[in-house]
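Undergrad: I'd like to ask some things about the structure below.
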Amino acid sequence: MSHDPERIETLLARHSAEIASDDELRELADLIAAEPLAARRFAELAWQEFCLIDELQRQPAPVAPTDGVARHRSARLPRTPIRLRFPSWVGAVLAAGLALYLGLFLSAPRQRASAPPAELAQVTEIAAGEDNGAVLAQISHDGVTMPLTVGTRLAPGDRLEATRSRIQLRYPGEGTELSVQPGSILGCASDAVGKVVTIERGRVVATVAKQPSGSTMRFRTASAEALVVGTRLAVSIGTDGARLDVQEGLVRFRTLAGEAATDDAGLAVAAGTSALLPPSAARPQLLPIQAMPLTIWRAASENRSANTSDNLSWELIDEHGAPAFLRLAGQADPQERYAWFSVQFPAQDWSLATGLQLRIRGQGNGNTWTVEIDDGQPVEHFVQRFVDDQAAWRDVYLPFNAFVRRSASYQHRDAPDDGLGLARMSGYSLITEARASHLDIAAAYAVIH
Amino acid sequence: MEGIRSVRSRPFLRSLGPRNRLPQGTQGLWSDVLEAERQALRSCLARVSTYGRQLLTLRYEESLPLSQLAERVGRTEEAVHKALVRVRAALGKCVDLSVRASEGAK
């Protein structure tokens with residue numbers, strides 16, 4: 001049978017203050033006999049009381065002299081033991097409960113309720129701040145605040161504030177590390193699903209070791225949740241919303257309705273990819289893969305990382321207040337069999353993604369576009385086609401398992417023939433054989449569907 | 001009546017003390033825990049408000065019952081009771097944080 005913890009606390013408080021009625025004392029005794037929580041709390045409070053009495057009476061506070069000689073209050077005032085009204089059988093039950101609890105305490109002194117669960121983080125570093133003597137970081141729990149020190153083990157309900165310094169946290173027994181940036185506030189907890197890091201403010205950069213089977217580490221903001229099995233990532237809160245940057249592995253990113261996750265499975269964010277949940281948005285949205293469209297397109301003329309055939313022009317449309325996009329347009333002359341646009345970037349690992357997604361606006365003219373992706377080194381080319389059948393913005397999803405290897409005449413002479421690996425992807429191209437071509441592209445990213 | 005009095009009395013609590021009841025080899029561990037809690041309690045008591053400290057002193061140093069305590073500070077029994085509960089809860093959390101910090105630093 002389970003009882004209300006609030007009722008237990010009330011009874012204990014009234015017992016401690018010696019204002020409990022006989023009925024309340026009996027109820028408390030029954031609870032202590034039946035409820036481990038009640039027995040534990042009773043013993044904790046009794047222990048605290050003992051320590052308080054011992055401490056306050058051992059170091060008596062000096063009192064003002066009344067006869068010209070300073071005396072101690074303890075020497076002046078008679079001490080009367082605290083008397084309690086209890087039937088003897090109640091006392092026996094309470095004594096048994098206390099002895100039982102203390103027995104457990106003594107047999108496993110490091111497993112006490114005050115000790116944090118082993119899986120919670122420990123402070124390993126507090127970087128030196130600029131202002132000597134200022135509080136660099138602090139920890140609070142239910143309104144009690146103290147300066148944070150290296151070595152502190154966090155417990156559920158703790159609130160950590162990196163006021164002026166970066167804090168490094170490590171989860172004992174595994175390699176998971178959190179770097180809490182200055183100005184950040186967070187809390188740590190764990191539940192049946194796994195570890196939870198709640199970020200109230202600022203930015204946390206994490207390296208998450210592979211979590212135990214069936215366990216998922218979650219990073220939460222007020223509106224979003226990032227679910228991690230093992231990866232390197234950063235979660236931050238800015239004016240544009242909650243942002244997730246994934247450097248390694250795969251993270252599921254979803255909205256929160258209050259404290260709870262929605263039924264939505266969320267967005268799978270793969271390595272090299274970022275996602276943003278803008279304020280008041282219903283779902284997070286993927287941002288382009290790092291080094292893909294926008295930066296590449298802007299820098300293309302300087303570093304030649306993006307290019308087009310001579311018969312296809314490209315223009316970056318970046319009007320204030322509207323999402324930027326790339327406009328491809330061309331008129332292939334009769335001698336040209338096709339026109340193409342190509343982007344190259346340092347190798348990225350797309351192995352956890354299931355396909356390539358393009359955000360495009362066509363003209364609904366029925367033209368066929370070929371998407372080519374570049375795998376490995378030497379590069380091996382794979383292609384898949386889609387039809388421009390809508391004159392509106394839309395997402396075109398191209399599953400990787402539907403890409404086919406281009407014929408040998410289009411491959412590098414040293415290209416392997418070992419299938420689409422996805423671990424070292426280095427570019428993509430859009431190719432059209434139509435005489436008149438026009439396509440707007442807002443983003444391209446690797447995703448999981 | 002005698003039973004519960006003995007539970008709450010210092011001699012009884014002291015008798016549960018480690019030095020008398022602990023198995024061989026665990027006394028040192030108990031001493032460490034005890035000392036850490038004492039140190040933490042000492043530093044946390046220094047953080048208690050003047051009013052909170054006054055209540056604790058009257059209750060646990062001078063062993064005043066709640067009615068006399070309320071009379072001494074000029075408040076109702078109910079107000080004093082609630083204040084004492086709050087102070088002890090805050091003390092407990094402060095001690096917990098301090099002990100964890102000192103354990104982690106070792």
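The values are calculated or read from the model by the stated rules, or taken from the named source; none is laboratory data. This is a predicted model, so every value here is computed, not measured. So basically every Cβ, Gly included, is an ideal-geometry build from the backbone, and we count neighbours across all protein chains shown. Quick note on the areas: whole protein, heavy atoms, side chains included, nothing else; ligands and nucleic acids left out. Shrake-Rupley method; radii C 1.70, N 1.55, O 1.52, S 1.80 Å.
Undergrad: Could you check how many residues of segment A:371-420 are open to solvent by 40 Å² or more (accessible area, probe 1.4 Å) and closer than 23 Å to A:I360 by Cα?
TA: In the first step, residues of segment A:371-420 are kept if they are open to solvent by 40 Å² or more (accessible area, probe 1.4 Å); the result is A:377-378, A:385, A:387, A:389-395, A:397, A:401-402, A:404-410, A:412-414, A:416-418, A:420.
Subsequent filtering for residues that are closer than 23 Å to A:I360 by Cα retains A:385, A:387, A:389-395, A:397, A:401-402, A:404.
Matching residues across segment A:371-420 total 13.
Undergrad: Take segment B:44-57 and flag every residue that is open to solvent by less than 60 Å² (accessible area, probe 1.4 Å), more than 9 Å from chain A (Cβ to nearest Cβ) and modelled with pLDDT under 90.
TA: Taking segment B:44-57 and keeping what is open to solvent by less than 60 Å² (accessible area, probe 1.4 Å), we get B:44-45, B:48, B:52, B:55-57.
Checking the rest, the ones that are also more than 9 Å from chain A (Cβ to nearest Cβ) come to B:48, B:52, B:55.
Once the filter is applied, which keeps residues that are open to solvent by less than 60 Å² (accessible area, probe 1.4 Å), more than 9 Å from chain A (Cβ to nearest Cβ) and modelled with pLDDT under 90, segment B:44-57 yields B:V48, B:G52.
Undergrad: Of everything in segment A:161-192, what is touching a strand residue (DSSP E or B) at 6+ places or on another chain (Cβ under 7 Å) and among the aliphatic types (A, V, I, L, M)? Give them in sequence order.
TA: If the condition is that a residue be touching a strand residue (DSSP E or B) at 6+ places or on another chain (Cβ under 7 Å) and among the aliphatic types (A, V, I, L, M), then A:A162, A:I167, A:L169, A:L178, A:V180, A:I185, A:L186, A:A189 are the ones that fit.
Undergrad: Taking the condition touching a residue at least 12 places away in the same chain (Cβ under 8 Å), farther than 16 Å from A:S429 by Cβ and surrounded by 15 or more Cβ atoms within 10 Å (Cβ to Cβ), does A:G362 pass?
TA: Details: touching a residue at least 12 places away in the same chain (Cβ under 8 Å): yes; farther than 16 Å from A:S429 by Cβ: yes; surrounded by 15 or more Cβ atoms within 10 Å (Cβ to Cβ): yes.
When the stated conditions are applied, A:G362 passes them.
Undergrad: In segment A:212-276, which strands (runs of 3 or more DSSP E) lie fully inside it and hold 2 or more residues that are open to solvent by less than 30 Å² (accessible area, probe 1.4 Å) and at pLDDT 80 or above? Spell out the reasoning first.
TA: Values: elements: A:217-220, A:224-228, A:231-238, A:241-248, A:250-257, A:267-270.
Those strands (runs of 3 or more DSSP E) span A:217-220, A:224-228, A:241-248, A:250-257.
Undergrad: Applying the selection to segment B:79-106, what residues are over 18 Å from A:C51 (Cα atoms), open to solvent by 30 Å² or more (accessible area, probe 1.4 Å) and either among the aromatic types (F, W, Y) or modelled with pLDDT under 90 (or both)?
TA: B:S102, B:E103, B:A105, B:K106
Undergrad: Could you list, in sequence order, the residues of segment A:167-176 that are open to solvent by 10 Å² or more (accessible area, probe 1.4 Å) and either touching a residue at least 40 places away in the same chain (Cβ under 8 Å) or not charged (D, E, K, R) (or both)? I'd like the intermediate steps shown before the answer.
TA: Start the filter on segment A:167-176 by keeping residues that are open to solvent by 10 Å² or more (accessible area, probe 1.4 Å), which leaves A:168, A:170, A:172-175.
Across segment A:167-176, the qualifying residues are A:Q168, A:R170, A:P172, A:G173, A:G175.
Undergrad: Looking only at segment A:403-423, filter to residues that are among the hydrophobic types (A, V, I, L, M, F, W, C) and touching a residue at least 24 places away in the same chain (Cβ under 8 Å); which one of those is farthest from A:T354 (Cα to Cα)? Talk me through it step by step, then tell me what you get.
TA: Start the filter on segment A:403-423 by keeping residues that are among the hydrophobic types (A, V, I, L, M, F, W, C), which leaves A:403-404, A:408, A:415, A:420, A:422-423.
The next check asks that each one be touching a residue at least 24 places away in the same chain (Cβ under 8 Å); those that pass are A:403, A:415, A:420, A:422-423.
On the way: A:F403: 11, A:A415: 23, A:L420: 12, A:L422: 10, A:A423: 12 Å.
Going through the qualifying residues, I end up with A:A415.
Undergrad: I would also like to ask the following. Quick check on segment A:32-42. Is at least one of its residues facing chain B (nearest Cβ under 9 Å) and small (G, A, S)?
TA: No: segment A:32-42 contains no residue that is facing chain B (nearest Cβ under 9 Å) and small (G, A, S).
Undergrad: Continuing with the same structure: Looking at A:R359, A:R298, A:R327 in this structure, which one is at pLDDT below 75 and either on the phi < 0 side of the Ramachandran plot or not in a loop (DSSP other than H, G, I, E, B) (or both)? Spell out the reasoning first.
TA: On the way: A:R359 fails: at pLDDT below 75; A:R327 fails: at pLDDT below 75.
The match here is A:R298.
Undergrad: B:V73 versus (1) surrounded by fewer than 20 Cβ atoms within 10 Å (Cβ to Cβ); (2) more than 10 Å from every other protein chain (Cβ to nearest Cβ); (3) within 29 Å of A:Q138 (Cα to Cα): which is the lone unmet condition?
TA: Checking B:V73 against (1) surrounded by fewer than 20 Cβ atoms within 10 Å (Cβ to Cβ); (2) more than 10 Å from every other protein chain (Cβ to nearest Cβ); (3) within 29 Å of A:Q138 (Cα to Cα), the one that fails is (3).
Undergrad: Counting only residues that are surrounded by 15 or more Cβ atoms within 10 Å (Cβ to Cβ) and in contact with a His (Cβ under 8 Å, 6 or more places away or on another chain), how many does segment A:142-165 have?
TA: Within segment A:142-165, residues that are surrounded by 15 or more Cβ atoms within 10 Å (Cβ to Cβ) and in contact with a His (Cβ under 8 Å, 6 or more places away or on another chain) number 3.
Undergrad: Would you pick out the residues in segment A:6-55 that are open to solvent by 40 Å² or more (accessible area, probe 1.4 Å) and not in a helix (DSSP H, G or I)?
TA: A:E18, A:I19, A:S21
Undergrad: Show the residue pairs that are 6+ apart or on different chains and have beta-carbon atoms under 8 Å apart, the first residue being within segment A:7-29 and within 11 Å of chain B (Cβ to nearest Cβ) and closer than 23 Å to B:A79 by Cβ, the second being open to solvent by 60 Å² or more (accessible area, probe 1.4 Å) and of a type in the set (D, E).
TA: Sorted first by the residue in segment A:7-29, then by its partner, the pairs are A:I19/B:E77.
Undergrad: Limited to segment A:333-353, what total is found for residues that are of a type in the set (S, T, N, Q) and either modelled with pLDDT under 75 or open to solvent by 80 Å² or more (accessible area, probe 1.4 Å) (or both)? First the steps, then the outcome.
TA: Filtering segment A:333-353 down to residues of a type in the set (S, T, N, Q) leaves A:335, A:342, A:344, A:348, A:351.
Restricting the remaining residues to those that are either modelled with pLDDT under 75 or open to solvent by 80 Å² or more (accessible area, probe 1.4 Å) (or both) gives A:335, A:351.
Qualifying residue count for the region: 2.
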